[in-house]
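What follows is one structure encoded as structure tokens, with my remarks underneath.
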Amino acid sequence: MKKSVRMAVLPVAGLGTRFLPATKAIPKEMLTVVDRPVVQHVVDEARAAGIEHFVFVTGRNKGMIEDHFDNSYELEDTLERRGKLKELAGLKADMLPTGGASFTRQQAPLGLGHAVWCARDIIGNEPFALLLPDMLHHTAGKGCLAEMIEAYNSHGGNHVAVAPVPDDQTHQYGIVGVKDRAAKVSQIIEMVEKPPKGTAPSNLHITGRYILQPSIFRLLAEQEKGAGGEVQLTDSMIRLSQSEPFFAVRFDGDIYDTGSKIGFLTANMAYGLGRAELAGELKSEIERLLKR
Ligand code: G1P
């Protein structure tokens with residue numbers, strides 16, 4: 001019988017050099033899109049998909065993430081005494097259930113494959129979700145990971161979310177070739193990490209959402225260096241795809257790379273416009289600025 005996907009890994013060890021000086025003292029995952037930290041948006045997506053346990057792969061100076069998901073007794077007490085019950089209920093709803101989060105450290109920045117491998121003992125022998133927190137997947141629908149879990153529940157195996165990118169950007173991502181381009185869920189026939197310009201098998205990029213079998217850890221353990229001299233997750237996925245099925249789940253919503261300045265600013269506008277209480281005023285402000 002297929003094991004269900006209960007656990008998610010979030011690699012949050014990156015230094016955030018693209019966002020200095022903002023990220024000198026603040027983890028990049030704690031920068032806010034509207035009023036929620038980026039990492040909270042990603043946890044929201046995973047909880048909506050039914051994830052019960054979160055494994056954060058952290059690094060130095062990331063303690064704030066741990067505090068964010070913990071109880072804040074003084075704050076809650078103050079809110080209660082001041083009658084700010086709506087804010088209090090919001091904080092409580094965002095807190096992860098007791099025992100529902102684990103933190104482990106990636107001690108050196110050796111690449112995404114290495115970060116995922118750091119979670120192996122906590123994950124054990126279960127399939128797990130992997131969410132790259134920089135990448136926000138925005139949709140009015142049921143959420144990217146929820147769609148993937150649905151696909152996993154019918155097909156089993158391993159899954160990556162994919163979406164098209166302009167041809168001149170394929171060299172920046174993991175790229176997959178699929179059997180049936182028109183299908184929502186299709187078997188993957190080819191995978192390559194950051195193909196040199198002009199060599200990509202398609203324009204479908206890996207968007208940063210995965211469901212992987214624990215057999216990936218045995219391959220990651222070999223820690224061979226790939227593109228950019230880093231231990232690449234995609235390289236181990238290519239090897240795993242020789243013995244296990246791999247599927248691409250097409251994501252049709254909007255994706256924002258909040259690790260880039262334009263992606264971050266656009267995400268703030270998009271998520272702001274998606275909030276009923278902010279949309280009207282924000283739209284007029286954007287229009288006013290555009291008229292200058
Ligand atoms: C990583 C993955 C790549 C994926 C990308 C999505 O690359 O290795 O396959 O397409 O995330 O953001 P990175 O952005 O860490 O270079």
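Readers should treat all values here as calculations from the given coordinates under stated rules, not as data from a laboratory. What you are looking at is a predicted structure, and each value in this text was computed from that prediction instead of being measured. Neighbour counts run over all protein chains shown; Cβ positions are idealised from the backbone, glycine included.
By other beta-carbon atoms within 10 Å, ranking E126, E76, E45 with the fewest at the front produces E126, E76, E45.
Normalising the average separation of contacting C-alpha pairs (under 8 angstrom, six or more residues apart) by the number of residues puts the relative contact order of the chain at 22 percent.
Reducing region 1-70 and region 224-292 to their Cα centroids gives an inter-centroid distance of 14 Å.
Only alpha carbons enter this Debye calculation for region 172-292, each as an equal point scatterer, and the log10 of I(q)/I(0) it gives at q = 0.09, 0.14, 0.19, 0.21 Å⁻¹ is -0.39, -0.76, -1.07, -1.21. Sequence-ordered 3J(HN,Hα) estimates for region 2-17 from the Karplus curve with 6.51, -1.76 and 1.60 and θ = phi - 60° stand at 5, 7, 7, 8, 10, 10, 10, 9, 10, x, 10, 8, x, 7, x, 5 Hz, glycine and proline given as x.
Which residues does a label at R218 reach in region 224-253, if reach means a backbone N under 18 Å from a point 7 Å past the Cα toward the Cβ? Correct set: 224, 235-246.
Annotation: for a label point projected 7 angstrom from Cα along Cα→Cβ of D35, residues of region 253-292 with backbone N closer than 13 Å are 272, 275-279. Coupling constants for region 212-225 follow from the phi torsions by the Karplus curve (6.51 cos²θ - 1.76 cosθ + 1.60, θ = phi - 60°), and in residue order they are 10, 7, x, 4, 4, 5, 4, 7, 5, 4, 6, 6, 6, 7 Hz; glycine and proline get x. Normalised by the number of residues in region 173-292, the mean separation of alpha-carbon contacts (under 8 Å, six or more apart) gives a relative contact order of 22 percent. For the chain, the equivalent ellipsoid derived from the Cα gyration tensor has semi-axes of 31, 24, 19 Å, listed largest first. The magnitude of the dipole of the chain, with charges of +1 and -1 set on the Cβ of Lys/Arg and Asp/Glu and taken from the Cα centre, is near 300 debye. In plain terms, the bigger the Kirkwood radius, the slower the diffusion; for region 235-292, with that radius from Cα pairs, at 20 °C and 1.002 mPa s, Stokes-Einstein puts D at 146 µm²/s. Convex hull volume of the C-alpha atoms in region 8-115, normalised per residue: 121 Å³. Per-residue Cβ neighbour counts within 10 Å put R36, R250 in the sequence R36, R250, beginning with the fewest. Most tightly packed first, judged by the mean number of other beta-carbon atoms within 10 Å of their residues, the peptides 182-189, 228-235 read 228-235, 182-189. Aspartates and glutamates within cross-link reach of K197: Cα-Cα under 19 Å, excluding same-chain residues under 8 positions apart? Within reach: D167, D168, D235. Within a Cβ distance under 13 Å of V178, other residues only, what is the Lys/Arg minus Asp/Glu net charge? The answer is +2. Phi angles across region 87-92 convert, under the Karplus curve 6.51 cos²θ - 1.76 cosθ + 1.60 with θ = phi - 60°, into 3J(HN,Hα) values of 4, 4, 5, x, 4, 5 Hz, Gly and Pro given as x.
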